[in-house]
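In what follows, a structure is listed as structure tokens, so that the remarks can point back to it.
The numbers here are math on the coordinates, done by the rules we state, and not lab data. Since the structure is predicted, the reported quantities are computational estimates derived from the model, not experimental observations. No Cβ is skipped: glycine too gets one built from the backbone with ideal geometry, and neighbour counts run over all protein chains shown.
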Amino acid sequence: MTAIKASSKARLKSIFDKYFYYVHSVQSADHDASLLWKMMRNLWKGPLPKQPCMQEDFCGTAALCYEWVKLGQNHRAVGIDLDSDALAWGVEHIAKESNYKSLDRIELIHGDVLSDHKKKPHMICALNFSYFFMKDRTTLKKYFQSCKKTLSRNGLLVLDAFGGPDYQLPHSDRRRNSEMKFTYWWDVEQFDAISHEIKCHIHFKRDGEALRKNVFSYDWRLWTIPEITDLLKEAGFKSIEYWAEGLDKHGDGNGVFKPIRSERECQTWVIYIVAS
Ligand SMILES: C[S@@+](CC[C@H](N)C(=O)[O-])C[C@H]1O[C@@H](n2cnc3c(N)ncnc32)[C@H](O)[C@@H]1O
């Protein structure tokens with residue numbers, strides 16, 4: 001869980017701060033950072049970089065950057081986002097309030113991921129499906145080509161993707177954060193089988209309060225794994241792996257992610273794609 005001081009938590013909860021509820025609902029930055037580091041340790045060709053640099057594209061509050069630099073005293077991170085409010089929120093509430101000693105190892109860029117930022121990171125990641133807002137092949141290929149160009153030699157690009165029959169029908173997934181006493185919904189409002197355009201929202205309801213609808217809204221294309229794979233290859237990535245969470249004896253996720261070769265179809269799935 002993203003580290004935010006208890007005093008700050010109380011204030012953010014009292015005013016309904018949308019970023020606070022975002023990082024405590026759909027994001028697990030500490031878990032993602034550990035998984036990315038595991039992927040790098042598994043897939044890096046040759047000795048690991050002395051100063052492993054991870055670039056978080058579409059970083060929002062950059063919660064993942066703050067977690068990445070906690071993994072080692074030489075870890076470095078670059079976060080890029082168009083939204084200055086989200087970047088500033090991360091600085092105010094995750095960085096400053098948590099007394100991170102490693103802030104000089106994070107660089108935040110208020111800009112477009114499609115611009116050339118010349119940072120030569122060892123890994124670029126675009127998580128929480130942020131690249132889905134690119135709806136046509138030309139734009140997505142351009143983004144993958146720019147990642148390939150930006151990455152250092154042997155660098156890794158990590159994306160996540162979701163799918164499954166449930167996502168092709170309007171529906172709402174209800175989840176509860178009991179510790180923080182709120183419920184949230186991942187709501188698929190619309191899916192178009194021809195264009196694969198999908199409109200989703202996140203709603204929140206704090207105990208004893210009215211429902212807050214459409215706090216975050218996304219207008220995306222639901223890309224399929226074969227389409228993403230083809231575009232990555234066209235952009236110059238030679239090796240592509242797929243990682244998924246294993247299941248426990250009840251059929252629930254066991255928290256252990258591993259490379260997979262094929263996936264049995266299920267109602268919903270989330271897969272990480274690692275390209276190099
Ligand atoms: C779904 S949020 C993802 C936040 C975070 N990466 C996460 O894992 O939850 C998408 C973010 O992408 C940013 N964004 C959209 N288009 C962008 C672009 N072309 N360049 C940089 N950031 C962009 C938005 O400002 C928003 O903060």
#### Entry: Highest-first arrangement of 39-51, 71-83, where packing means the average Cβ count within 10 Å
71-83, 39-51
### Task
Hey, for a label at ARG176 modelled as a point 7 Å past Cα toward Cβ, could you say which residues of the stretch 192-219 have their backbone N under 12 Å away?
207
### Task
State whether the stretch 165-221 is rounded, prolate or oblate according to the following rule on the C-alpha gyration tensor (a ≥ b ≥ c being the square roots of its eigenvalues): a/c under 1.5 gives rounded; otherwise a/b larger than b/c gives prolate, and the remaining case gives oblate.
prolate
#### Entry: For the stretch 106-120, Karplus couplings with θ = phi - 60° (6.51, -1.76, 1.60), whole Hz, Gly/Pro x
10, 10, 9, 10, 8, x, 9, 5, 7, 7, 8, 9, 6, 9, 6
### Task
Using only the Cα atoms of the chain, each taken as one equal point scatterer with no solvent, compute I(q) by the Debye sum, divide by I(0), and report log10 of the ratio at q = 0.08 Å⁻¹.
-0.33
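On a 28 Å Cα-Cα criterion, which of the cross-link pairs LYS70/LYS119; LYS38/LYS119; LYS142/LYS205; LYS96/LYS181 come out too long?
LYS142/LYS205
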